[in-house]
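Engineer: Following this message is one structure expressed as structure tokens.
The values are calculated or read from the model by the stated rules, or taken from the named source; none is laboratory data. Owing to the predicted nature of the structure, the values given are computational and were not obtained by experimental measurement. Here Cβ is always computed from backbone atoms with ideal geometry, including for glycine, and neighbour counts include all displayed protein chains. What goes into the accessible areas is simple: the full protein's heavy atoms, side chains included, and nothing from ligands, DNA or RNA. Shrake-Rupley method; radii C 1.70, N 1.55, O 1.52, S 1.80 Å.
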Amino acid sequence: MNNRTVRKAVFPVAGLGTRFLPATKTVPKEMLPIVDRPLIQYAVDEAIQAGCDTLVFVTNRYKHAVADYFDKAYELEQKLERSGKQEQLDLVRHVLPEGVRAVFVTQAEALGLGHAVLCAKPVVGDEPFAVLLPDDLIWNRGGDGALKQMTDLAASSGASVIATQEVPREQTGSYGIVATEGFSGRSGRITGIVEKPSPEEAPSTLAVVGRYVLSPRVFDLLEATRPGAGGEIQLTDAISALLAEETALAYRFKGTRFDCGTHIGLIEATIRYALDNEKLSEPARRMMTDALVEMGVIDSE
Ligand code: UTP
């Protein structure tokens, strides 16, 4: 790649979100809230913290809610202003900070994550870029977000960087899995990558999670990528082709990842963020204890 700063972040949000049907019939998965903010906001904040100033959302015709969320809400703002609700007004106004722009591109058909990323090519052009999947929520309490850790590594190494974490072997079929040379600290050179291998075929148990810093060369490789696992155009396959030409590093990020593309992951994230929230922590704790006592899971003190 090269050591140029990563300014553009791509958010592929044109998937069908079938695991959250029927809710996702009308509410895009990325708009599901963790406490009071939609998943997409957490990912956007992470990208901004990493220094990105151009946010590219890959959407489809059913995802107006995502574009609306980042648009100005004139009527709502007027009403809040008139009724003196300054705190709420600030929340609504500062969804995106000054100097950060949102660009929307369409993926007409859900042909896969790789195809969605390729749709961002005209906006990203010939520079390294980030990809964030908002349903992977990564929490690094008080420290740098996962993407900032990765852009720092990309800047110092000049390589593409892919977020990874260990998963139980029986789960390899749900992830891209990487083979690496030995790790030095948190990163190791990727020697192979394969999408959703069976536990028997998986080259390791190091799984790709939804954060990438990629060389623009990936776009050319995506153009040549044919449908792979699940009949979809896979980002993993283009990254696999990239390995023959450029270095890509697997990075074990600091932080906890919640897989909010699953029911239990969304629930887990909600509980963790509630327990960490000044106003909610105490009532959330009490409510959970009461529920566990009522269900007979624990004894009341
Ligand atoms: P997922 O595999 O989570 O698929 O996509 P999905 O459609 O969102 O959800 P399920 O599995 O049906 O419940 C991973 C990411 O890639 C995006 C999704 O929006 C999600 O952020 N994606 C996937 C696209 O943007 N376009 C596609 O064609 C496929």
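Engineer: Stretch E166-T18 to full length: gain in nm at 0.36 nm per residue minus the Cα-Cα span?
Structural biologist: Details: separation 148, 0.36 × 148 = 53.28 nm, distance 2.55 nm.
Taking E166 through T18 to full extension adds about 50.7 nm, to one decimal.
Engineer: I need the phi-derived Karplus couplings for the stretch 31-47: 6.51 cos²θ - 1.76 cosθ + 1.60, θ = phi - 60°, integer Hz, Gly and Pro marked x.
Structural biologist: Working through the residues one at a time gives 9, 5, x, 10, 6, 10, 10, x, 3, 4, 5, 5, 5, 4, 4, 5, 5 Hz.
Engineer: Multiply the residue separation of D126 and N140 by 0.36 nm, subtract the distance between their alpha-carbon atoms, and state the gained length in nm to one decimal.
Structural biologist: Computed gain between D126 and N140 is 2.0 nm.
Engineer: Oh, and also: Calculate, for the stretch 181-301, the solvent-accessible area per residue in square angstrom, rolling a 1.4 angstrom probe over the heavy atoms of the protein chains.
Structural biologist: 54 Å²
Engineer: For the stretch 1-93, what is the charge dipole size about the Cα centre, in debye to the nearest 20, if Lys and Arg each add +1 at the Cβ and Asp and Glu each add -1 at the Cβ?
Structural biologist: In debye, rounded to 20, the stretch 1-93 gives about 380.
Engineer: Okay, moving on. Where the accessible area of the chain is counted over protein heavy atoms with a 1.4 Å probe, how much of it, in %, is carbon and sulfur?
Structural biologist: Carbon-and-sulfur percentage of accessible area, whole number: 51.
Engineer: Going through the stretch 98-151, which trypsin sites (Lys or Arg not before Pro) have at most 16 other Cβ atoms within 10 Å and a DSSP loop state?
Structural biologist: Those satisfying the criteria are R141.
Engineer: Give the calculated FRET efficiency between M287 and L76 to the nearest 0.05, with a Förster radius of 30 Å applied to their Cβ-Cβ distance. Display every interim value, and only then the final one.
Structural biologist: Details: r = 30 Å, r/R0 = 1.00.
Efficiency at R0 = 30 Å is approximately 0.50.
Engineer: Suppose only helical runs count, i.e. DSSP H with n ≥ 4. What mean residue ellipticity at 222 nm does that imply for the chain under -39500 (n - 2.57) per run, divided by all residues and rounded to the nearest 500 deg cm²/dmol?
Structural biologist: It lands at -9500 deg cm²/dmol.
Engineer: Using a probe radius of 1.4 Å on heavy atoms only, what accessible surface per residue do you get for the stretch 1-88? Whole Å² is fine. It would help to have the intermediate numbers written out before the result.
Structural biologist: On the way: 4830 Å² over 88 residues.
Result: 55 Å² per residue.
Engineer: So for K29, K72, what's the accessible-area order with a 1.4 Å probe, most first?
Structural biologist: Highest to lowest solvent-accessible surface, that is K72, K29.
Engineer: Based on Cβ point charges of +1 for Lys and Arg and -1 for Asp and Glu, what charge dipole magnitude is obtained for the stretch 88-245 about its Cα centre, in debye rounded to the nearest 20? Walk me through the intermediate numbers first.
Structural biologist: Working: 12 positive and 20 negative charges, 63 e Å.
Value, rounded to 20: 300 debye.
Engineer: Exactly which GluC sites (Glu not before Pro) in the stretch 69-171 are in a DSSP loop and have at most 14 other Cβ atoms within 10 Å?
Structural biologist: E98, E109
Engineer: If you don't mind, another one. Specify which residue in the list Q149, F129, T262 is farthest towards the positive end of the charge dipole of the chain, using unit charges on the beta carbon of Lys, Arg (+1) and Asp, Glu (-1), about the Cα centre.
Structural biologist: Ranked along the dipole, the leading option is F129.
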